[in-house]
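Notes follow once the structure below has been shown.
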Amino acid sequence: MEVPILKQGQYLIASIQSALTDADLSQLREALIAQVGRYRARGVIVDVTALDVMDSFAVRTLRDVTHMARLRGSETVIVGIQPEVAFAMVQLGLTLKGVATALDLEEGLAFLDQRGRDRVERGN
Amino acid sequence: MSTKEAAAMVRISPLSAQRAPSREEMAPLLSELVSHLRESRTQLRQEWARRIALTQLLRAMTEEEIFAEATSVYDNYVEALETGTFEALQAYSRNLSERIIPRGVETHEVVGIVLLLRDVLARSLFAKYHEDFTQLNRILDTYEPAANRIANTVAVGFVQERERIILQQQEAIRELSTPVLQVRERLLILPIIGVIDPHRARQLTEQLLRAIRTNRAKVVVIDITGVAAMDANVANHLVQTVEAARLLGATVIVTGLSPEIAQTLVTIGVDLSEMATVGDLQGGIEEAERLLGYKVLPLAELGSQN
């Protein structure tokens, strides 16, 4: 199933609605990286609220998206990880190091806004 | 029949002569036994209570109580012998345990009194049949297995009741010992007191993650002042809790690491570099407030600013 990617101001929002196959995940990664450039997005939010399982491939893909988007000038934040999913991920050692996380979409937007302000203060 | 099978039968036959008597064979002996115990009820019961007092068992109970309990145990005992069913006795021993455990009666006392009763009854059988050794043997064949089973039932009932109470208390302690408290909008504290085992660590993490969700927390202060000791396992649990909370978008600050724990952690080489630590709970809360953009000022200072 293809994941819809919405443009909201300077941000891209990918809202995952159902369990994804590895191919879907790769497709999502490519689409996000391409669109970051096309829309000159400052931030990417991936909403995983609907996922009740997160395997190693999914975690790796999300981490890759973050690093790739950063190289293209965009901050990524993963939002909506369920408590049970977080617990299982930690037990499996899948901890998304170096990836920003937030409670939900609202928090994610607030986080990106804050990052934007920090950047303005730093002057770049 | 092959020679092999025949040989096997020969080997078995001496054993089968000693097998336990069947239920039909036992029935008349059993009724004789039961009627003997019924007839001598008053006397044997008193003898038993006297022996209990003599051996100083059940010191938490008064003499009248011991006698009353002894009577019911005796009657239940005889009934179990007669019917061969142990449900009533099981229920009674559970009930008895419920009453006497809170008064500090020990396992050895309960086992002790049941064995005493066994002894008293066996002696009365010896006294009755001492002239007819064959009959005594047959009666004992009937009595011994049943008596053992009764002793077993009562002891097991007592121990089970104890274990049930222990489990219940452990559960209560666990529930009491992991409160997640909100001290300010979006700021939670989790004071941990006592021992962290894998089960508790798991429960703690689950509870914390749920609380982060419901309170929409951004910062969590975990205070471990009350944790006496920490090893590599516990430290790893703590690291996992911190990481899981981060996945939900919350920052964790750990406070109150005692000098001993700090030394142990460095000595055993646990990597806590990912973890934000602050000396005490006050410092942790101040740091959390800074992260959340709060600043606590004395009212007087606030007035002068306006």
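The values are calculated or read from the model by the stated rules, or taken from the named source; none is laboratory data. Just so you know, these numbers come straight off a predicted model, no measurement behind them. We place every Cβ from the backbone using ideal geometry, glycine too, and count neighbours over all the protein chains shown.
Observations on the structure shown:
- Among the residues of the stretch B:252-277, just one is farther than 20 Å from B:Leu190 by Cβ and surrounded by 17 or more Cβ atoms within 10 Å (Cβ to Cβ), namely B:Thr264.
- Qualifying residue in the stretch B:218-236 (condition: surrounded by fewer than 24 Cβ atoms within 10 Å (Cβ to Cβ) and under 18 Å from B:Leu292 (Cα atoms)): yes
- Filtered residue count, the stretch A:45-62, keeping only those that are crowded, with 18+ Cβ neighbours inside 10 Å and either modelled with pLDDT of 95 or more or under 12 Å from A:Leu105 (Cβ atoms) (or both): 4
- Test: A:Val44 is touching a strand residue (DSSP E or B) at 6+ places or on another chain (Cβ under 7 Å) and either β-branched (Val, Ile, Thr) or in contact (Cβ under 8 Å) with a residue 60 or more places away in the chain (or both): yes
- Residue match in the stretch B:163-173 (condition: surrounded by 12 or more Cβ atoms within 10 Å (Cβ to Cβ), in contact (Cβ under 8 Å) with a residue 12 or more places away in the chain and charged (D, E, K, R)): no
- The set of residues in the stretch B:32-46 being within 21 Å of B:Gln135 (Cα to Cα) and free of Cβ contacts under 8 Å to residues at least 40 places away in the same chain consists of B:Ser35, B:Glu39.
- Qualifying residue in the stretch B:271-285 (condition: of a type in the set (A, V, I, L, M, F, W, C), under 34 Å from the mean Cα position of the chain (by Cα) and over 19 Å from A:Leu103 (Cβ atoms)): no
- Within the stretch B:182-212, the set of residues being more than 28 Å from the chain's Cα centre (by Cα) and acidic (Asp, Glu) comprises B:Glu185 only.
- The residues of the stretch B:256-292 that are within 14 Å of chain A (Cβ to nearest Cβ) and touching a strand residue (DSSP E or B) at 6+ places or on another chain (Cβ under 8 Å), listed by number, are B:Met275, B:Leu291, B:Leu292.
- Wholly within the stretch A:12-124, helices (runs of 4 or more DSSP H) carrying at least 1 residues that are of a type in the set (A, V, I, L, M, F, W, C) and either within 14 Å of another protein chain (Cβ to nearest Cβ) or touching a Cys at 6+ places or on another chain (Cβ under 7 Å) (or both): A:56-71, A:83-92, A:105-122
Here is a yes/no grid of residues against (1) part of a helix (DSSP H, G or I); (2) within 26 Å of A:Ala110 (Cβ to Cβ); (3) not charged (D, E, K, R):
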site: B:Thr205; (1), (2), (3): yes, yes, yes
site: B:Leu208; (1), (2), (3): yes, yes, yes
site: B:Ala211; (1), (2), (3): yes, yes, yes
site: B:Ile222; (1), (2), (3): no, yes, yes
site: B:Thr225; (1), (2), (3): no, no, yes
site: B:Val234; (1), (2), (3): yes, no, yes
site: B:His237; (1), (2), (3): yes, no, yes
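- Residues in the stretch B:241-255 that are within 7 Å of chain A (Cβ to nearest Cβ), under 18 Å from B:Ile196 (Cα atoms) and not charged (D, E, K, R): 1 in all.
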